[in-house]
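Please read the structure below before turning to the comments.
The values are calculated or read from the model by the stated rules, or taken from the named source; none is laboratory data. Only a predicted model underlies this, so the values are computations on that prediction, with no experimental measurement involved. So basically every Cβ, Gly included, is an ideal-geometry build from the backbone, and we count neighbours across all protein chains shown.
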């Protein structure tokens with residue numbers, strides 16, 4: 001196949017891809033990729049934490065729960081790791097955990113969530129229902145004994 005044939009094949013593939021995306025009307029907005037925070041609020045309420053919502057326009061959006069001298073801040077973070085510096089800055093030396101893959105991690109895992117994020121994004125491009133990937137940063141400050149909140153509840157904040 002010559003250069004002209006290869007260029008023509010590539011142009012046809014590009015046109016077919018764009019036509020398919022437009023015909024399916026796939027959601028590509030940020031709202032389609034935002035996991036929301038309802039589950040964070042429900043988990044805090046279940047564990048009798050008083051929740052404070054974040055100010056609008058902040059990124060990441062930190063939901064703070066307080067109970068018996070323990071302050072728990074939880075936010076959706078980017079699966080690509082873009083929020084790591086902001087999380088460390090906010091933590092100011094406090095204990096930081098990441099909830100990813102329904103497990104808790106001391107540092108933010110990148111490879112597995114990144115692959116799952118792009119897989120789900122591809123599914124949405126193809127018109128499949130694929131929920132946004134949930135990766136959460138958790139900052140524990142103040143007096144937070146281990147039994148105050150079950151680790152399984154924090155791990156369940158991700159998928």
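Scanning region 67-89 turns up one or more residues that are more than 19 Å from residue 159 (Cβ to Cβ), assigned to a helix (DSSP H, G or I), modelled with pLDDT of 95 or more and in contact with a strand residue (DSSP E or B) (Cβ under 6 Å, 6 or more places away or on another chain). Against the conditions (1) under 30 Å from residue 19 (Cα atoms); (2) in contact (Cβ under 8 Å) with a residue 40 or more places away in the chain; (3) surrounded by 16 or more Cβ atoms within 10 Å (Cβ to Cβ), residue 120 satisfies every one except (2).
Restricting attention to region 94-108, does a residue exist that is modelled with pLDDT under 95 and closer than 20 Å to residue 58 by Cα? No, region 94-108 contains no residue that is modelled with pLDDT under 95 and closer than 20 Å to residue 58 by Cα. Of the residues contained in region 118-129, none is found to be under 18 Å from residue 42 (Cβ atoms), assigned to a loop (DSSP other than H, G, I, E, B) and modelled with pLDDT under 95. There is at least one residue in region 41-49 that is in contact with a helix residue (DSSP H, G or I) (Cβ under 9 Å, 6 or more places away or on another chain), assigned to a helix (DSSP H, G or I), surrounded by 16 or more Cβ atoms within 10 Å (Cβ to Cβ) and at pLDDT 95 or above.
Regarding residue 22, is this residue surrounded by 11 or more Cβ atoms within 10 Å (Cβ to Cβ) and either at pLDDT below 80 or assigned by TED's automatic domain parsing to the domain that holds residue 120 (or both)? It is false that residue 22 is surrounded by 11 or more Cβ atoms within 10 Å (Cβ to Cβ) and either at pLDDT below 80 or assigned by TED's automatic domain parsing to the domain that holds residue 120 (or both).
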